[in-house]
Amino acid sequence: MNDKYRLRAVFAASNYDLPRLALLRQMLESMDTRVLCPKDEVLDICLDKRKLSVFLSTLGVKTPRLLRVAGQVEDEQNWLDDLPIPCVVKPSGGQGTVGTFVVRDRSEIRCGFQCVLGAIVQEYVEGDHCTIDVFGDETGEPICVVPRWRERIAGSMATVARVDMDTD
């Protein structure tokens with residue numbers, strides 16, 4: 001390959017691309033191409049909402065409580081009575097709001113579990129939607145943290161956001 005077009009580094013544009021990029025890491029690095037992708041252990045936690053919920057809770061980070069996981073209980077009829085309404089049914093993987101349902105009565109829970117593969121149920125939290133972008137170095141040390149209030153959302157992406165300039 002002409003050195004003018006030599007690939008020096010690669011990164012994922014979406015969370016969906018991260019597992020694929022991780023699979024190519026060894027091959028790309030053998031070609032002297034830097035792979036800007038979290039380590040496999042980090043991806044394993046961050047791309048699974050069940051594991052991420054537990055991980056964040058152990059760090060003391062407030063996160064919506066994980067209420068139920070599909071296939072977690074034997075008697076699926078009785079646990080419906082214990083769930084607070086409203087709650088959220090969504091896939092354990094993925095990003096944005098794809099496959100996410102806000103359940104406003106008990107009859108919708110069963111439908112959510114039938115429609116969403118590997119569904120989880122989380123506590124419903126009402127309020128403003130904030131996204132925090134973190135740019136880190138190759139060791140994972142944060143270099144820059146930018147909180148953004150999502151003003152307008154299309155699909156799962158903020159089309160208009162307001163950066164929070166509070167230094168704290």
*What are the residues in the range 36-66 that are crowded, with 16+ Cβ neighbours inside 10 Å and among the acidic types (Asp, Glu), if any?*
Asp48
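For (1) assigned to a loop (DSSP other than H, G, I, E, B); (2) under 20 Å from Leu66 (Cβ atoms); (3) open to solvent by 70 Å² or more (accessible area, probe 1.4 Å); (4) among the hydroxyl-bearing types (Ser, Thr, Tyr), each residue gets a yes or a no:
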{"residue": "Gly93", "(1), (2), (3), (4)": "yes, yes, no, no"}
{"residue": "Thr131", "(1), (2), (3), (4)": "no, no, no, yes"}
{"residue": "Gly140", "(1), (2), (3), (4)": "yes, no, no, no"}
{"residue": "Ile153", "(1), (2), (3), (4)": "no, no, yes, no"}
*asked:* Would you confirm, using the coordinates I've provided, whether Ser14 is open to solvent by less than 100 Å² (accessible area, probe 1.4 Å) and either among the charged types (D, E, K, R) or modelled with pLDDT of 90 or more (or both)?
replied: no
_Please determine whether any residue of the range 19-31 is outside any helix (DSSP H, G or I) and open to solvent by less than 70 Å² (accessible area, probe 1.4 Å)._
no
*asked:* Given the criterion under 21 Å from Lys62 (Cα atoms), out of contact with any Asp or Glu (no Cβ under 8 Å at 6 or more places or on another chain) and surrounded by 10 or more Cβ atoms within 10 Å (Cβ to Cβ), identify the matching residue among Thr167, Thr159, Thr100.
replied: Thr100
_Meets criteria (farther than 21 Å from Glu141 by Cα, loosely packed, with under 13 Cβ neighbours inside 10 Å and modelled with pLDDT under 90) for Asp81_ = yes
*asked:* I'd like the residue in the range 110-129 that is in contact with a Pro (Cβ under 7 Å, 6 or more places away or on another chain) and open to solvent by 60 Å² or more (accessible area, probe 1.4 Å) and, out of all such residues, is farthest from Arg68 (Cα to Cα).
replied: Val125
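The values are calculated or read from the model by the stated rules, or taken from the named source; none is laboratory data. Remember, predicted model here, so these are calculated numbers, not experimental data. Ideal geometry is used to build each Cβ from the backbone, glycine not excepted, and the neighbour counts take in all protein chains shown. SASA here: full protein model, heavy atoms, side chains in, ligands and nucleic acids out. Shrake-Rupley method; radii C 1.70, N 1.55, O 1.52, S 1.80 Å.
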